[in-house]
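In what follows, a structure is listed as structure tokens, so that the remarks can point back to it.
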Amino acid sequence: MEYLIALVGAFLAGGINTLSGNGSAITLTILMELLGLPPDVANGTNRVGVLANGIGGSAAFQRAGRFKQTGALKKQMWRIVAITTVGAILGIYLSLIVSNAAYKAIFRYLLIVMLLVVVVKPKRWFTIPENQPPLSPWLSVPLFFLLGIYGGFIQMGMGVFFLAIMVLAAHYEIIQANVVKVLTVTLYTILAVAIFAWRGLIDWPIGLLMAAGQLVGGFLTARFATTNPRAGVYAYRLLIVVIFGAIIKAFWPEISSLFG
């Protein structure tokens, strides 16, 4: 039953990761709380599913022609991918030396920041300014480098931050921002899986089981996102639900004590 729950949870996480982000809140909870893996092994094992999720989403977006960009937009997209991946290498290294307690504490408070970024002036997520010049390299380089460090370090919530910067700062349409996010996460997660495997921090049977669920979930959700005209609205609403749920879980001891 535990492995069945893990498979279903991975499928849902794959869909959430592709359409919005923070599906790792589900998978890491399953790995640590349900299956009892240590946080560092759960972090490494989770990357196997994230990689499969990214492959599934990338395949669906590729079939829909979403990677075909031209001119300045194409150049900017690949610059974002490269900068974020370089930052992720440093983040992966940090995840190997930072304590498990610090790992959890950092994420709790970043969730609050995520929620504020998403809910303040929601129209910004759907209105793309006309004739908007590409994001300046002076801004994009540090932004996406720091974002890469975060993704390599903790992964959980990476999609939310990535979408926020892509939509609100780089002025991408939310579904196209998802396309760049999926490609970027897939590329640096290849490195993450290799490094965690080298350090012996992956439980392969569990990782591959959850990878199967996330692969299918990511592929099917990406197909939906490229064909449904209201996919952007669904992605935004899902962002809010996922972040709010993660906040409740992260601060549950404090919340329960108020009513205890």
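Every number here is computed from the coordinates shown, using simple stated rules; none is lab data. Note that the structure is predicted; figures quoted are calculated from it, not measured. Here the Cβ positions follow ideal geometry from the backbone for every residue, glycine too, while neighbour counts run over all protein chains shown.
Can you tell me which of 210-222, 165-177 comes out highest on packing, and rank the rest after it, using the mean Cβ neighbours within 10 Å? Could the numbers behind the result be given before it?
Working: 210-222: 25.5, 165-177: 20.2.
Ranking the peptides 210-222, 165-177 by packing returns 210-222, 165-177.
Classify the stretch 1-50 from the C-alpha gyration tensor, please: rounded if a/c falls under 1.5, else prolate or oblate depending on whether a/b exceeds b/c. Each step should come with its number before you reach the end.
On the way: a/c = 2.19, a/b = 1.30, b/c = 1.68.
It comes out oblate by the Cα gyration axes.
Sorted by packing (mean other beta-carbon atoms within 10 Å per residue), highest first, where do 39-50, 140-151 land?
Working: 39-50: 25.5, 140-151: 20.9.
Result, highest mean first: 39-50, 140-151.
Tally Lys/Arg at +1 and Asp/Glu at -1 over every other residue whose Cβ is under 15 Å from the Cβ of Phe162; what's the total?
Details: positive: Arg79, Lys181; negative: Glu173.
Here the charged neighbours net out to +1.
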